[in-house]
Amino acid sequence: MPVSAWDVFLLVLRRELTLSFRRPDQLVQPLVFFVIVTTLFPLGLSVQLSLLREMAPAVLWVAALLASLLSLDALFKSDAEDGTLEQLVLSGQGLYVIVVAKTLAHWLVSGAALLLVSPLVATALAIPLAAFPTMLLSLSLGTLTLSWLGAIGAGLTVGLKRGNVLISLIVLPLAMPLLIFGAGATDRAIAGTSALGACYLLAALCVLTCTLAPFAAAAALEVTLE
Amino acid sequence: MHVWRGDRHVLKGVSFELGSGELLHVTGPNGSGKTTLLRVLTGLLRPEQGRIAWHGEEIAAAPSDYQRALAYASHEPALKSDLSALENLRFLVGLKRRLSTAELTAALQRTGVAHCADLPVRVLSAGQRRRVAMARVLAVQAKLWLLDEPYTNLDVAGTELLSSLLQSHVAAGGMALVVAHHELNVEMARRRLDLA
């Protein structure tokens, strides 16, 4: 019986999640990084709640971007090293579906996990409770967009020995709009004004990257395999 | 076909045809382009000159159909060390066709590693991994086998087993292209392509 694209999607997603949970260290490292970096700021700044609150959105967002980047290097690399990537390409299934499933799995174990600990971090940064919904919404859109962008970077650098720095150089400039709108949305929520505009823009970026980035990443993987 | 890797002319005008029930043994010294030839045949690498056709149709025209009809076993066994042998197979074979756990276990049994089905691949020996990779090729039920040095790390019994599997695949109308340094120990007609 032929395998449908949906079967392939579920198969890849399940396998990626299983692999992540078999390697909890890779799961926990970005989270610990996120918590440590964000808690360094309140320790380093003078004890002024207003100053901390003003810096909080930028600190939160920069730390979230960097923490998501940490695990991006492994997105396709381990598959490329053990020969699985060739088998994926030769499966006769569109690489697009495989890239979508792998990237979504990456987001679930990195971005979504960051969302879970972000209330804790936000409390340390003196972000008021009323701003939490906007913060969580903007962070979820932002980290998901970053995973799609990261898939392109990871696809392009999969053949390189030390691709990690190069991924950051490729992805971070592309992630600047995320930082601007994401931190802007959180900032507005803290100030008590409407953050809808920035959230719409983040959602638009997310839709744009989730439809186009898998094509780019799949093409990059095919080129690097040659 | 002709293939260049950078400035190096690796495949200098290789040409052959393979039909149902045929076995082609590719030989040649190190660096003569055996693996490159296999990668070109899978479609992973495009030849600069020449064409590869499957059922008379160029493979680039319908890559998915062709890829579903082939099973490629590269140098690397393509197994995840954190997953069990069975989980690895369920994933890799599942991408190509739907099948039951019983079918996968049967494939592992045929290659003599059924007892390792639930062990993480990390604890398997190189030879056992090779056998699991061979079970994948079997379970895919592909018409065309492309095997890159399949005898590496196999013990005497493993070598015999692989030869008998090759023989039954080809006898059943399958096609196989095997890259191997030493002689294939099969009792059947085979063609030879020397890349030297």
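Table: residues versus (1) away from every other protein chain (no Cβ under 14 Å); (2) under 30 Å from B:R90 (Cα atoms); (3) surrounded by 17 or more Cβ atoms within 10 Å (Cβ to Cβ).
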site: A:A5; (1), (2), (3): no, yes, no
site: A:L17; (1), (2), (3): no, yes, no
site: A:R22; (1), (2), (3): no, yes, no
site: A:S50; (1), (2), (3): yes, no, no
site: A:A56; (1), (2), (3): yes, no, yes
- With respect to B:V140, determine if the residue is closer than 22 Å to A:L13 by Cβ and touching a residue at least 60 places away in the same chain (Cβ under 8 Å). yes
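Of B:L95, B:L124, which residue is closer than 18 Å to B:L83 by Cα, free of Cβ contacts under 8 Å to residues at least 24 places away in the same chain and touching a helix residue (DSSP H, G or I) at 6+ places or on another chain (Cβ under 8 Å)?
On the way: B:L124 fails: free of Cβ contacts under 8 Å to residues at least 24 places away in the same chain.
None of the other options fit; the residue is B:L95.
Name the strands (runs of 3 or more DSSP E) wholly within segment B:7-107 that hold at least 1 residues that are more than 21 Å from B:L138 (Cβ to Cβ) and either over 19 Å from the mean Cα position of the chain (by Cα) or away from chain A (no Cβ under 11 Å) (or both)?
Working: elements: B:8-12, B:22-27, B:70-73.
Hits in segment B:7-107: B:8-12, B:22-27.
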- So which of A:L72, A:L85 ends up being under 16 Å from the mean Cα position of the chain (by Cα), within 30 Å of A:V100 (Cβ to Cβ) and either modelled with pLDDT of 85 or more or of a type in the set (A, V, I, L, M) (or both)? A:L72
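Condition check: touching a residue at least 60 places away in the same chain (Cβ under 8 Å) and touching a Gly at 6+ places or on another chain (Cβ under 8 Å). Does B:G173 satisfy that?
Details: touching a residue at least 60 places away in the same chain (Cβ under 8 Å): yes; touching a Gly at 6+ places or on another chain (Cβ under 8 Å): yes.
When the stated conditions are applied, B:G173 passes them.
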- The number of residues in segment B:11-25 that are under 30 Å from A:A218 (Cβ atoms) and either surrounded by fewer than 20 Cβ atoms within 10 Å (Cβ to Cβ) or modelled with pLDDT of 90 or more (or both) is 2
- Message: Taking the criterion of being in contact with a Phe, Trp or Tyr (Cβ under 7 Å, 6 or more places away or on another chain), within 14 Å of chain A (Cβ to nearest Cβ) and in a helix (DSSP H, G or I), would at least one residue in segment B:122-138 satisfy it?
- Response: yes
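Provide a single number: the residues in segment B:156-184 that are of a type outside the set (S, T, Y), surrounded by 14 or more Cβ atoms within 10 Å (Cβ to Cβ) and either more than 18 Å from B:F16 (Cα to Cα) or at pLDDT 90 or above (or both). Please lay out each step first, then the result.
As a first pass, look at segment B:156-184 and keep what is of a type outside the set (S, T, Y): B:156-158, B:160-162, B:165-167, B:169-184.
The next check asks that each one be surrounded by 14 or more Cβ atoms within 10 Å (Cβ to Cβ); those that pass are B:158, B:161-162, B:165-167, B:169-170, B:174-180, B:184.
Imposing the further condition that a residue be either more than 18 Å from B:F16 (Cα to Cα) or at pLDDT 90 or above (or both) reduces the set to B:158, B:161-162, B:165-167, B:169-170, B:174-179, B:184.
Number of matching residues: 15.
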- The one condition in (1) out of contact with any helix residue (DSSP H, G or I) (no Cβ under 7 Å at 6 or more places or on another chain); (2) farther than 27 Å from A:L90 by Cβ that A:C199 fails to fulfil: (1)
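For A:W61, indicate whether it is assigned to a helix (DSSP H, G or I), farther than 24 Å from B:S81 by Cα, touching a Cys at 6+ places or on another chain (Cβ under 7 Å) and at pLDDT 90 or above. Quick ask: steps written out before the conclusion?
On the way: assigned to a helix (DSSP H, G or I): yes; farther than 24 Å from B:S81 by Cα: yes; touching a Cys at 6+ places or on another chain (Cβ under 7 Å): no; at pLDDT 90 or above: yes.
Taking the combined requirement at face value, the residue does not satisfy it.
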- Residues of segment A:82-138 being of a type outside the set (S, T, Y), within 14 Å of chain B (Cβ to nearest Cβ) and not in a helix (DSSP H, G or I), in sequence order, are A:D82, A:G83, A:L90, A:G92, A:Q93, A:G94
- Query: Among the residues of segment A:37-52, which ones are within 19 Å of A:L65 (Cβ to Cβ) and of a type in the set (A, V, I, L, M, F, W, C)?
  - Reply: A:V37, A:L40, A:F41
- Task: Just name the residue that is farthest from A:L17 (Cα to Cα) out of those in segment B:108-121 that are away from chain A (no Cβ under 14 Å) and in a helix (DSSP H, G or I).
- Result: B:R110
- Message: Return the residues of segment A:203-216 that are under 17 Å from A:F76 (Cβ atoms) and either out of contact with any Leu (no Cβ under 8 Å at 6 or more places or on another chain) or within 14 Å of chain B (Cβ to nearest Cβ) (or both); say none if nothing qualifies.
- Response: A:P214, A:F215, A:A216
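The values are calculated or read from the model by the stated rules, or taken from the named source; none is laboratory data. Model, not experiment: these values are computed from the prediction. In this analysis, Cβ positions are derived from the backbone assuming ideal geometry, glycine residues included, and neighbour counts consider all displayed protein chains.
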